[in-house]
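The values are calculated or read from the model by the stated rules, or taken from the named source; none is laboratory data. Computed from a predicted structure; not experimentally measured. Cβ placement follows ideal geometry from the backbone for every residue including glycine, while neighbour counts extend to all protein chains displayed.
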Amino acid sequence: MPTLINWNDEIKFDVQDSKFKKPKSIEEIQAIVKQANADNARIKVVGAMHSITPCFVGNDIILSNENMNEVLSIDKDNLTVTVQAGVPLNKLCDYLKPLGYQPPVVLEYGNFHFGAVSGTHANDSSLVDSAQVSSFVVGVKLVTSNGELLEISEQQSKQYLPAIRSHFGLFGVVCEVTLRIWPVRSLLFTYETQEIGHFLNDFAGEMERLRASSDQAFALIFQNVDTILVQHRKFQDVNVCPPHPLTNSLESKAVNLFTSLVLPATQALAGLHLQPHNAEALSNFLLKGPLDALRGSEFVINPNDRGILYAEDDPKFEFHDWAFPEANWPGMVRAYRDLLHRFRTEHDFLIVLPTIVYFIKQDANSLLSRSRNSNMVVVDPEHHDPRDPKGKEFRKAFGELAIQHGGIPHINKTVDAAQTYYADSCDQDALREYLSVRRQFDPKGMFLNEFFEEMFRSRL
């Protein structure tokens, strides 16, 4: 009996051998679905299981798309590529790179399967284009609850595309995905650091400068040293030489700012089990050098090199991703800093990992898009120990604070709060349309699980 385990080892569930399916063809998927329909069984599809919420957990038939992992075709005239659902991001990047193309959104977690990210909240950061992978999906083939193969594209059943780009596995079994690609454009990365209070006080001006100088931006808030590190990204002519060959060489070998520098140092620090005030002092000491070194540095990479494959034993931690309307973000960060101080003084609790910030452009391409109605900016506290009771208390308090500032949780990445708050915080008209279309595709609820039944309770 196999045990399925998610990315950070916090979700585990057993599957009976007879109910764990690994089809190799669309025809096999159709046969599985038809039999499940006849038996009144439920099906849940799993991919790379990067989610830290139990949105992928099932208690009946589990279907893995790992054996459907081929790149099927590329259309250079229309700039699209078609892949099977089990193709990981890293594999597509390796396929496109020698041909001179790239996916429009390249996430740093290269294990993602396209069957999943074609219809979830998986996003990077972007100021000029959509930051969400699913927004660039122009077609899917999926097996519906009656076992029929349905094609949805810009030429066929187009009206369903906005819902399918938020499918979350609830409409059927996605078998193939067609998405847009771009001619490859090198990315120039530059860094700056600021005192966080200064950044917040002139936030409108900072955003104006970011948009004038960058195509994409990403940031880390080092809350214990009151510093924000902003990573600027600008698309360059592909022939531009790296301004700093050494840094460029390191980055091209997948040396990543967060996973290769900040996270391992923090994990090692946590392993010392220091009292919070000692941990804070040592953390500040360890961070000063890297932050000083990054300030003003720059390098150029091929975006295809960003899709890094993570090993099973890579450091484990927990996200708590909330997106806020851009205008609300400074107030939320100020309230977040107050909350950190309160937990530090009243609960002897310290978050050592930096807080991740994504800038997400307004995007109405998918019905459940968190940036459907405005530009959004993320506040994503990372905690090195998902099982820490004080961390769970902090997570709950953070969620209550986030709702007050117009936050929307991430269905895959916001533990507990996604089920509690997402349905009330998203666009209500879009949600009603989404659930109406979902019922058309799956009237018996074959693809629902307990997670989504709880999330959408009273709305199904």
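Points to keep in mind about this one:
- Residues located in segment 51-69, provided they are assigned to a loop (DSSP other than H, G, I, E, B) and buried (at least 22 other Cβ atoms within 10 Å of the Cβ): Ser51, Ile52, Thr53, Gly58, Asn65, Met68
- Subset of segment 23-33 [in contact with a Leu (Cβ under 8 Å, 6 or more places away or on another chain) and in a loop (DSSP other than H, G, I, E, B)]: Pro23
- Residues in segment 1-53 that are touching a helix residue (DSSP H, G or I) at 6+ places or on another chain (Cβ under 6 Å) and of a type in the set (Ser, Thr, Tyr): Thr53 only.
- Selection from segment 1-22 of residues that are closer than 30 Å to His384 by Cα, of a type in the set (A, V, I, L, M, F, W, C) and either assigned to a helix (DSSP H, G or I) or touching a Pro at 6+ places or on another chain (Cβ under 6 Å) (or both): Ile11, Val15
- Residues being in contact (Cβ under 8 Å) with a residue 40 or more places away in the chain, crowded, with 22+ Cβ neighbours inside 10 Å and outside any strand (DSSP E or B) are represented in segment 146-164 by at least one member.
- Given (1) assigned to a loop (DSSP other than H, G, I, E, B); (2) at pLDDT 95 or above, number of the condition Ala48 does not satisfy: (2)
- The sole residue among Val117, Val87 that is out of contact with any strand residue (DSSP E or B) (no Cβ under 7 Å at 6 or more places or on another chain) and crowded, with 20+ Cβ neighbours inside 10 Å is Val117.
- Scanning segment 13-30 finds one or more residues that are at pLDDT below 95, closer than 29 Å to Phe456 by Cα, surrounded by fewer than 19 Cβ atoms within 10 Å (Cβ to Cβ) and among the hydrophobic types (A, V, I, L, M, F, W, C).
- Residue in segment 166-185 that is more than 30 Å from Val46 (Cβ to Cβ), within 24 Å of the chain's Cα centre (by Cα) and in a strand (DSSP E or B) present: yes
- Filter result for Ala38 (among the hydrophobic types (A, V, I, L, M, F, W, C) and without any contact (Cβ under 8 Å) to a residue 12 or more places away in the chain): yes
- Only residues that are part of a loop (DSSP other than H, G, I, E, B) and of a type in the set (A, V, I, L, M) were counted across segment 432-460, and they come to 3.
- Scanning segment 365-403 for residues that are under 25 Å from Met207 (Cα atoms) and without any contact (Cβ under 8 Å) to a residue 24 or more places away in the chain yields a single hit, Ile403.
- Residue match in segment 123-131 (condition: surrounded by fewer than 20 Cβ atoms within 10 Å (Cβ to Cβ) and either in a helix (DSSP H, G or I) or under 17 Å from the mean Cα position of the chain (by Cα) (or both)): yes
- Pair list, Cβ < 8 Å and 6+ apart or interchain, from segment 1-15 residues that are touching a residue at least 60 places away in the same chain (Cβ under 8 Å) to residues that are charged (D, E, K, R): Trp7/Lys316; Asn8/Lys316; Asn8/Glu318; Asp9/Lys316; Glu10/Lys316; Glu10/Glu318; Glu10/Arg387
- For segment 70-84, the set of residues classified as surrounded by fewer than 23 Cβ atoms within 10 Å (Cβ to Cβ) and of a type outside the set (S, T, N, Q) consists of Glu70, Val71, Leu72, Ile74, Asp75, Lys76, Asp77, Leu79, listed by residue number.
- The requirement of being surrounded by fewer than 20 Cβ atoms within 10 Å (Cβ to Cβ), in a strand (DSSP E or B), at pLDDT 95 or above and touching a strand residue (DSSP E or B) at 6+ places or on another chain (Cβ under 9 Å) is not satisfied by Leu142.
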